[in-house]
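First comes the structure, then the notes that go with it.
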Amino acid sequence: MAKVQNPHSPLAAAELCLLTLGDIPHLVSRLQLWTFALDYDTLEREIAEPLFHLKLAMEQLAASQTFRWILATVLAIGNFLNGCKARGFELTYLGTLSQVRDTHSHKPLLHHVCVLLLQLYPQSSDLHSDITAVTKAGKCDYALVQSNLTQLEAQCKASWEQLKLLEKSDKKKGGKEERRGAGDEEVLMSAEGSLRLRLPKFLKECEERLKVLRAVHRRVMNRYHSFLLFLGYSRAMVRATKAEDFCKTISNFSLEYRSMRQAILLQREKTQQRSTKEHSRTNTPFGRRKHQQTPTQESEEHYKLEEVLRTPESTSRLDNTLPRNRRRIADKQGNLPRKMTW
C-alpha cells in the first residue's frame with residue numbers, strides 16, 4: 001500500500017523482503033509444505049522413541065529375575081500377614097511398602113523385603129539398574145504420543161492437498177509468464193522446480209513410514225495390555241491404567257528399593273568392620289592381658305555369687321578386725337543354764 005502511494009520512494013531491506021513475499025502465490029501453502037518436509041524426522045522421532053522405551057521396558061521387566069523374586073516375597077509376606085492365599089496383588093501396593101512399619105522395631109516393610117531377598121537370593125541386583133527403560137518410559141506421555149501420531153498423519157494428508165494446489169496453480173500459468181532475464185531468478189526457479197519434483201516422492205515415503213509407525217503403535221499398546229493381563233490385572237484395570245503411570249510406579253519403587261538395599265549393605269559393612277577391629281584388638285597380647293585382668297561387671301557379680309555359694313555358713317571364721325559385741329557375750333554368758341541343786 002505504501003509502495004503504491006509513493007512509487008519513487010526507496011524501501012529498506014525488510015520492506016523489500018515483505019514486498020517480495022507478498023508477490024509469491026499460495027505463500028501459506030508453500031510454507032506449510034516446507035515446514036512439514038523439514039520437521040518430519042523430528043516429529044517421527046518424538047513418536048517412535050517413547051514406543052521403543054515402552055517395548056524395551058516390558059522386555060526388561062519380563063527378563064528381570066530380581067523383579068520376580070520381589071513380587072514373590074511381597075506376596076508371601078502379604079499372605080502371611082493377612083492369613084490368606086492370594087495369587088497376586090495390585091502393583092501399586094509396591095509404593096506403600098516404605099510406609100507400612102512393624103510394631104516391634106518400627107522398620108518399614110520394604111526393609112524386611114530387602115533383608116529377605118539378601119538372605120534368600122544373594123545374587124539379586126538392585127533392580128533399578130536392570131530396568132533403565134522403565135524409568136525413561138515413565139517420563140513419556142503416551143496419550144500425547146497418540147495425539148501427535150494422529151496430527152502427523154493429518155499433516156501428511158494436508159501436504160498432499162497443498163502440493164496438488166501448487167501444481168494446479170503452475171499449470172494455470174503454463175508458459176504465459178514473462179521471462180525477466182535475471183540469472184539469479186532462473187537459478188531460483190530451477191531449484192524450486194527440482195524441489196517440486198522431489199516432494200511427491202518424499203510425501204509418498206512419509207506416507208509409508210506413517211503406516212509402519214501406526215502399526216508399531218498398535219502392536220506396542222496391545223503388548224502392553226497383554227503384559228498387564230499377565231501380571232494379573234483385570235480387563236477393566238488394564239483399560240484404566242496408563243502406560244506412563246504404570247512405568248512411573250515401578251520406577252519409583254526401584255529407586256526406593258535400591259536406596260534401602262544400599263543402606264542395609266552399608267550397615268552390614270560397618271558392623272563387620274567394627275567386629276573385625278574388636279577381634280584384632282583382643283587378639284593382641286596386651287589386649288588379651290587386659291581382657292583377662294578386667295572382667296566385665298556381669299562376670300564379677302557371677303564370680304562373687306559363686307564365692308558365696310562355695311563358702312558354707314558352719315565354717316565362718318572369726319574376723320579380728322571387727323569390734324566385738326560385749327553385750328552379746330554377756331547375754332550369752334547369762335543365758336547359760338545354772339547348776340541345779342537337789
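Each value in this text was obtained by applying a stated rule to the coordinates, not by laboratory testing. Worth saying up front: this structure is predicted, and the values here are computed from it rather than measured. Glycine gets a Cβ as well: all are built from the backbone with ideal geometry, and neighbour counts include every protein chain shown.
With the crude spin-label approximation of a point 7 Å out along Cα→Cβ, what separation in nm comes out for L38 versus L144?
With each label placed 7 Å out from Cα toward Cβ, I get 2.3 nm.
Work out how much length S105 to K164 would gain on full extension: take 0.36 nm times their residue separation and subtract the Cα-Cα distance, in nm to one decimal.
On the way: separation 59, 0.36 × 59 = 21.24 nm, distance 7.56 nm.
Length gained, S105 through K164: 13.7 nm.
If R₀ is 30 angstrom, what is the calculated FRET efficiency for the pair S226 and Q123, using the beta carbon separation as r and rounding to 0.05? Don't jump to the answer; show the numbers that get you there.
Details: r = 29 Å, r/R0 = 0.98.
Given R0 = 30 Å and the Cβ-Cβ separation, E is 0.55.
Report the label-to-label distance for K85 and V238 in nanometres (one decimal), using points 7 Å from each Cα along the Cα→Cβ vector.
2.7
Which pairs in the list K85/K107; K211/K242; K55/K107; K201/K242; K136/K211; K85/K136 are over 29 Å apart, alpha-carbon to alpha-carbon? The partial results should precede the final answer.
Details: K85/K107 25 Å; K211/K242 24 Å; K55/K107 36 Å; K201/K242 38 Å; K136/K211 25 Å; K85/K136 35 Å.
From K85/K107; K211/K242; K55/K107; K201/K242; K136/K211; K85/K136, over 29 Å: K55/K107; K201/K242; K85/K136.
Pop out the ³J(HN,Hα) list for region 215-224 in order, Karplus 6.51 cos²θ - 1.76 cosθ + 1.60 with θ = phi - 60°, rounded to Hz; leave Gly and Pro as x.
In residue order, the calculated couplings are 5, 5, 4, 5, 5, 5, 5, 5, 5, 5 Hz.
Can you work out the Karplus-derived ³J(HN,Hα) for every residue in region 146-152? Use 6.51 cos²θ - 1.76 cosθ + 1.60 with θ = phi - 60°, whole Hz, and x for glycine or proline.
My calculation for region 146-152 gives 5, 5, 5, 5, 5, 5, 5 Hz in order.
Run the simple label-point estimate for A63 and R45 please: 7 Å along Cα→C-beta, distance reported in nm.
According to this spin-label approximation, the distance is 2.5 nm.
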